[in-house]
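One structure below.
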Amino acid sequence: MLMSGLPGYGQQAGDGMPSAAEIAASDSVFRLKKAENDAYFKVFSFEVHPSVGYAASRYHGLNGLLQPTAYPAVKSHGLSYGGGGSLRIYRVVLSLEAVLYDFDHTEQNRKTELTSSNTLIRLGYAWFTPNYAHSFTPSIGLGSSGADVTLTDLNAASGSTAGALLGGAPYSNTLHYRNKNLALGLAYEHYPSSDMKRRNVLGIHLNYLARLGEGRYYAHDFKQSVSGPAIDPLLFNIRMVTGFLF
């Protein structure tokens with residue numbers, strides 16, 4: 001009778017309440033697995049992420065060509081989006097990222113459309129906080145940028161037949177621009193670790209592109225170039241990143 005008042009006395013394995021020994025064993029397994037995954041994370045990680053943020057470009061030369069034609073000027077900054085991934089071994093990070101920026105505007109039945117993008121491959125070095133929950137990664141690499149500009153005269157198409165449009169002068173023209181860049185980057189990332197394994201990443205990525213050379217314009221394909229002013233698609237961008245770790 002006296003023993004019935006002791007803690008845990010009378011509790012059976014099937015009453016739905018884990019024993020103290022079972023709780024201690026579960027905690028030990030969790031800590032062991034977490035320590036193992038943390039040790040693995042310090043050596044290697046693979047990350048993929050979408051991103052969204054702000055981008056700034058330099059389109060002064062292009063807008064100088066548009067001004068006398070009465071087509072709308074291209075807005076040089078705004079919302080950008082993209083994605084990327086990285087492979088890290090110890091502190092060395094090899095990353096690949098892509099950023100996109102779109103613009104279109106119509107004035108007086110004249111429409112300007114622009115789609116610009118860049119692709120960056122970079123090598124970085126990660127600095128971690130002692131618990132490996134945060135990192136700062138400066139990087140350097142190479143980038144390829146492009147801008148496709150389409151001008152459409154909507155007046156030329158109104159009231160025309162299909163035969164007249166096919167046989168007449170084109171009312172829409174597209175020009176392609178491509179250049180190479182030196183890519184300088186800085187990334188801050190946070191790796192939540194409330195679970196046994198780090199599975200997610202939250203961060204901010206910054207990129208600055210220094211143009212190499214003048215770039216080239218192409219009228220119809222990428223075999224024959226035409227002369228034109230140098231521009232800087234996606235010269236600078238800052239983006240919020242949320243992704244997954246493997």
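Quick look at the numbers
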quantity	calculated
Per-region count, the range 95-132, residues out of contact with any strand residue (DSSP E or B) (no Cβ under 9 Å at 6 or more places or on another chain) and either open to solvent by 70 Å² or more (accessible area, probe 1.4 Å) or under 30 Å from ASN155 (Cβ atoms) (or both)	4
Members of the range 40-89 that are aromatic (Phe, Trp, Tyr) and touching a residue at least 24 places away in the same chain (Cβ under 8 Å)	PHE41, PHE44, PHE46, TYR54, TYR59, TYR71, TYR81
Of all residues in the range 199-217 being out of contact with any Phe, Trp or Tyr (no Cβ under 9 Å at 6 or more places or on another chain) and either free of Cβ contacts under 8 Å to residues at least 24 places away in the same chain or not acidic (Asp, Glu) (or both), the one that is surrounded by the most Cβ atoms within 10 Å (Cβ to Cβ)	ARG211
Those residues of the range 165-198 which are in contact (Cβ under 8 Å) with a residue 60 or more places away in the chain, of a type in the set (Lys, Arg) and open to solvent by 50 Å² or more (accessible area, probe 1.4 Å), in sequence order	LYS197
Residue match in the range 220-235 (condition: without any contact (Cβ under 8 Å) to a residue 24 or more places away in the chain and either within 21 Å of TYR54 (Cβ to Cβ) or of a type in the set (Ser, Thr, Tyr) (or both))	yes
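Rundown of residues vs (1) closer than 25 Å to ASN237 by Cα; (2) out of contact with any Ser or Thr (no Cβ under 8 Å at 6 or more places or on another chain), yes/no style:
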| site | (1), (2) |
| --- | --- |
| ALA35 | no, yes |
| TYR40 | no, yes |
| ARG58 | yes, no |
| VAL74 | yes, no |
| GLY78 | yes, yes |
| SER86 | yes, no |
| SER95 | yes, no |
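The values are calculated or read from the model by the stated rules, or taken from the named source; none is laboratory data. Bear in mind the structure is a predicted one, so any value in this text is a computation, not a measurement. All Cβ positions, glycine included, derive from the backbone under ideal geometry; neighbour counts span all protein chains shown. The area values use the complete protein model at the heavy-atom level, side chains included, leaving out ligands, DNA and RNA. Shrake-Rupley method; radii C 1.70, N 1.55, O 1.52, S 1.80 Å.
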